[in-house]
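To start, the structure itself, in structure tokens.
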Amino acid sequence: RQRSDGGDVAKSEYNCALGLAPVLAKHPGLEELGINGGVYELGTPTLPALRKLRILANHSSKNTRDLAGARLPALVELEVHGDADEAHPPVAADYVKWFASERMPALRTLEFSINEEELYLEACRALLASKLLTQLTHLTLEFIDNAIADLILETPGPLRHLKKLKLGTLQRGDVTASRLTRLKKALPKLARS
């Protein structure tokens, strides 16, 4: 069953700046959770029924590590987009830890982007070398530039098992035509994504 809680921002427990742990503790049966905007503190919840998590917010080093520590055994879809929190930005090691986590065994669909190019490149490097990638069937890397295209072209093999691969900005001109041709040749499913 789907529930929608947290619409009343006048309640202090629903203010993300104070942390989501108390809210999540009150609603362990959540099946879907969306976090939109601002800086959030997820904590390391255990949400046994959560199947879909969407985070469109600023990411700190702590909440990136917290995501790695969260117990989400039923999570099938995860969407993470946003900026790095300027005060406490995540580092590449935080993404290595997240992608190495085995606490999301049902995860099959990942949509991922970070607006900081260098950090995004390092996070993509960690993802492409991770065990998490092997369990995915659908992957969207929302922002692709020449550096990330080159990273994918170095070792496209780990992506070939995917049923669907979407490299979000290929049509925007962020990747040269020659790289685009090579990507489509190396990853035939990309052309159908």
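The values are calculated or read from the model by the stated rules, or taken from the named source; none is laboratory data. Because the structure is a prediction, the values reported are computed rather than measured. Methodologically, a virtual Cβ is constructed for each residue, glycine included, from the backbone with ideal geometry; neighbour enumeration extends over all protein chains shown. For the accessible areas, the whole protein counts, side chains as well, though only heavy atoms, and no ligand, DNA or RNA atoms are used. Shrake-Rupley method; radii C 1.70, N 1.55, O 1.52, S 1.80 Å.
Inspection of the range 149-160 identifies at least one residue that is within 29 Å of Arg51 (Cα to Cα) and either in contact with a Ser or Thr (Cβ under 7 Å, 6 or more places away or on another chain) or in a loop (DSSP other than H, G, I, E, B) (or both). Among the residues of the range 7-15, at least one is open to solvent by 50 Å² or more (accessible area, probe 1.4 Å), at pLDDT below 85 and either hydroxyl-bearing (Ser, Thr, Tyr) or not in a loop (DSSP other than H, G, I, E, B) (or both). Residue count for the range 127-155 under the criterion of being within 20 Å of Ala57 (Cβ to Cβ) and not β-branched (Val, Ile, Thr): the result is 4. If you go through the range 102-124 and keep only what is farther than 14 Å from Thr64 by Cβ and part of a helix (DSSP H, G or I), you end up with Glu117, Glu118, Leu121, Cys124.
When we screen Leu139, Leu127 for residues that are part of a strand (DSSP E or B), in contact (Cβ under 8 Å) with a residue 24 or more places away in the chain and open to solvent by less than 50 Å² (accessible area, probe 1.4 Å), the only hit is Leu139. Taking the conditions exactly as written (touching a His at 6+ places or on another chain (Cβ under 9 Å) and either part of a loop (DSSP other than H, G, I, E, B) or closer than 26 Å to Ala149 by Cα (or both)), does Pro89 satisfy them or not? Judged against the criteria, Pro89 is a match.
The set of residues in the range 62-109 that are surrounded by fewer than 19 Cβ atoms within 10 Å (Cβ to Cβ), modelled with pLDDT under 95 and touching a strand residue (DSSP E or B) at 6+ places or on another chain (Cβ under 6 Å) comprises Arg71, His81, Asp83, Arg103.
Residues in the range 29-55 that are closer than 22 Å to Leu127 by Cα, open to solvent by 20 Å² or more (accessible area, probe 1.4 Å) and at pLDDT 90 or above: Arg51, Lys52, Arg54. When residues of the range 20-73 are filtered for being over 16 Å from Leu107 (Cβ atoms), part of a strand (DSSP E or B) and without any contact (Cβ under 8 Å) to a residue 24 or more places away in the chain, how many remain? Total satisfying the criteria: 5. Taking the criterion of being at pLDDT 90 or above and in a helix (DSSP H, G or I), the residues of the range 161-179 that qualify are Ser178, Arg179.
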